[in-house]
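This report refers to the structure that appears directly beneath it.
The values are calculated or read from the model by the stated rules, or taken from the named source; none is laboratory data. Note that this is a predicted model, so its numbers are computed, not measured. A quick note on method: Cβ atoms are made from the backbone with ideal geometry, for glycine too, and the neighbour counts reach across all protein chains shown. The area values use the complete protein model at the heavy-atom level, side chains included, leaving out ligands, DNA and RNA. Shrake-Rupley method; radii C 1.70, N 1.55, O 1.52, S 1.80 Å.
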Amino acid sequence: MVDTQVLSGQFRRFAERECKDSSILYEHLASQIADDPTLLELAAHSKPGQPAPNLLLGAVHYLLLQGTDHELALYYPSIVTEPKDTSGAFKWFKLFCEQYAVEITHLLRTKLVQTNEVRRCAYLYPSFCHIHGLTQKPLSLIEIGTSAGVQLLWDKYSYSYQPKPDLEYGQEHAALIIRSEIKGDKQPLFHKTSPPVAARIGIDLHVNNLDQPDDYLWLKSLIWPEHKERIAYFEAAADYLAKYKVELMEGDGVALLPEIISKISNDSTVCIFHTHAANQFPSETKIKLLEYIQELGKVREVFHLYNNLWDRDLHLDYYVNGIENKLTLAETDGHGRWFKWKL
């Protein structure tokens with residue numbers, strides 16, 4: 001089990017760095033949990049390597065969305081239209097955790113934080129446009145930490161960006177229009193329509209099948225209660241997965257790469273990508289991944305698009321004709337609400 005003092009710092013940082021200006025409810029709850037030994041002991045049941053604040057708050061949200069009748073539900077904007085003032089929530093949160101400790105412990109021990117944030121496609125779109133501009137080949141996508149696979153369909157969505165929201169890119173007449181903001185003076189080079197995709201393969205330790213009510217509800221519960229637009233995006237993206245085919249594989253993403261890539265034609269560009277997943281990789285896995293891509297780059301063209309490996313920026317490492325290139329593409333918001341292009 002995770003040390004409770006370590007957990008206390010995690011909850012405090014989560015409240016101050018991630019929830020501030022994004023979720024008043026989670027900011028309040030996380031800051032209070034950081035000083036509560038009983039709740040920290042409960043959170044310590046989280047799987048090693050998992051972000052305990054997201055997992056505990058997600059587990060409680062899951063039980064509430066499942067229909068658990070409790071006063072705490074009245075503080076969640078995802079459940080009631082007019083939630084009560086956040087300042088009164090913690091007392092009920094603690095009582096809820098005490099009452100449903102067995103159920104929460106089970107979720108902490110069995111679930112993973114696999115937020116399938118489709119809005120992150122807002123910065124994936126210009127990134128894949130950039131890659132296609134370099135290679136002029138269809139893209140073979142391999143996503144590590146794919147969860148349910150909604151980001152593998154980035155080319156099927158439409159995109160609109162502040163400060164020029166009237167311009168749209170991507171799939172014409174898409175049912176899902178992803179809106180985001182581009183900060184700063186630099187603008188990415190967008191393709192008006194999506195670059196061609198040859199393959200879509202997603203790998204995860206646990207693949208979420210959105211046809212299954214439990215998986216669907218768990219991913220929905222990982223979305224923060226105030227974020228109604230994120231919930232709407234998730235629901236729309238789930239409809240896409242019912243319509244378009246993606247290949248989802250369960251297992252160690254890094255270990256499975258050689259077999260997958262051996263089956264991909266040289267007529268397409270190998271694009272290995274992952275967003276906000278690498279923070280859960282053990283250090284040796286990170287090193288193994290980078291070493292494998294470097295070796296692969298000696299014999300074929302390969303692109304590696306990622307963030308949260310060493311820092312939060314969006315990076316692109318690629319190998320063309322055996323030559324290594326490393327770019328920092330953008331500074332990104334964790335939920336894709338904005339990004340700042342750096343090229």
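Looking at residue 329, is it among the aliphatic types (A, V, I, L, M) and either open to solvent by less than 40 Å² (accessible area, probe 1.4 Å) or assigned to a strand (DSSP E or B) (or both)?
When the stated conditions are applied, residue 329 passes them.
Filter the stretch 90-147 for residues that are assigned to a loop (DSSP other than H, G, I, E, B), farther than 24 Å from residue 207 by Cβ and of a type outside the set (D, E, K, R) and give the result.
100, 136, 138
Which number in (1) surrounded by fewer than 18 Cβ atoms within 10 Å (Cβ to Cβ); (2) in contact (Cβ under 8 Å) with a residue 40 or more places away in the chain marks the one condition that residue 316 misses?
Looking at each condition in turn, residue 316 falls short on (1).
Test of understanding: among 279, 266, which residue is open to solvent by 40 Å² or more (accessible area, probe 1.4 Å), modelled with pLDDT under 95 and either out of contact with any Pro (no Cβ under 9 Å at 6 or more places or on another chain) or assigned to a loop (DSSP other than H, G, I, E, B) (or both)?
Of the residues listed, the single one that is open to solvent by 40 Å² or more (accessible area, probe 1.4 Å), modelled with pLDDT under 95 and either out of contact with any Pro (no Cβ under 9 Å at 6 or more places or on another chain) or assigned to a loop (DSSP other than H, G, I, E, B) (or both) is 266.
I'm trying to understand the selection: among the residues of the stretch 1-15, which are within 20 Å of the chain's Cα centre (by Cα) and open to solvent by 10 Å² or more (accessible area, probe 1.4 Å)?
Passing the criteria: 10, 13.
Filtering the stretch 189-228 down to residues that are part of a helix (DSSP H, G or I) and touching a residue at least 60 places away in the same chain (Cβ under 8 Å), which residue is surrounded by the most Cβ atoms within 10 Å (Cβ to Cβ)?
Step by step, filter the stretch 189-228, then rank; the result is 218.
Being within 16 Å of residue 146 (Cβ to Cβ) and under 16 Å from the mean Cα position of the chain (by Cα) is the filter here; which residues of the stretch 210-240 pass it?
Of everything in the stretch 210-240, those that are within 16 Å of residue 146 (Cβ to Cβ) and under 16 Å from the mean Cα position of the chain (by Cα) turn out to be 210, 215, 216, 218, 219, 222, 234, 237, 238.
Quick one: count up the residues across the stretch 282-311 that are basic (Lys, Arg) and assigned to a helix (DSSP H, G or I).
Residues flagged as basic (Lys, Arg) and assigned to a helix (DSSP H, G or I) within the stretch 282-311 amount to 2.
Report yes if some residue within the stretch 42-52 is touching a helix residue (DSSP H, G or I) at 6+ places or on another chain (Cβ under 9 Å), assigned to a loop (DSSP other than H, G, I, E, B) and open to solvent by 60 Å² or more (accessible area, probe 1.4 Å); otherwise report no.
yes
In the set 76, 125, which member is touching a strand residue (DSSP E or B) at 6+ places or on another chain (Cβ under 8 Å), modelled with pLDDT of 95 or more and aromatic (Phe, Trp, Tyr)?
That would be 125, the only listed residue that is touching a strand residue (DSSP E or B) at 6+ places or on another chain (Cβ under 8 Å), modelled with pLDDT of 95 or more and aromatic (Phe, Trp, Tyr).
With respect to residue 32, is the statement that it is open to solvent by 10 Å² or more (accessible area, probe 1.4 Å) and either without any contact (Cβ under 8 Å) to a residue 60 or more places away in the chain or in a helix (DSSP H, G or I) (or both) true?
For residue 32, the condition - open to solvent by 10 Å² or more (accessible area, probe 1.4 Å) and either without any contact (Cβ under 8 Å) to a residue 60 or more places away in the chain or in a helix (DSSP H, G or I) (or both) - is met.
Can you tell me which of 71, 82 is touching a helix residue (DSSP H, G or I) at 6+ places or on another chain (Cβ under 8 Å), open to solvent by 30 Å² or more (accessible area, probe 1.4 Å) and not basic (Lys, Arg)?
Result: 71 is the single residue among 71, 82 that is touching a helix residue (DSSP H, G or I) at 6+ places or on another chain (Cβ under 8 Å), open to solvent by 30 Å² or more (accessible area, probe 1.4 Å) and not basic (Lys, Arg).
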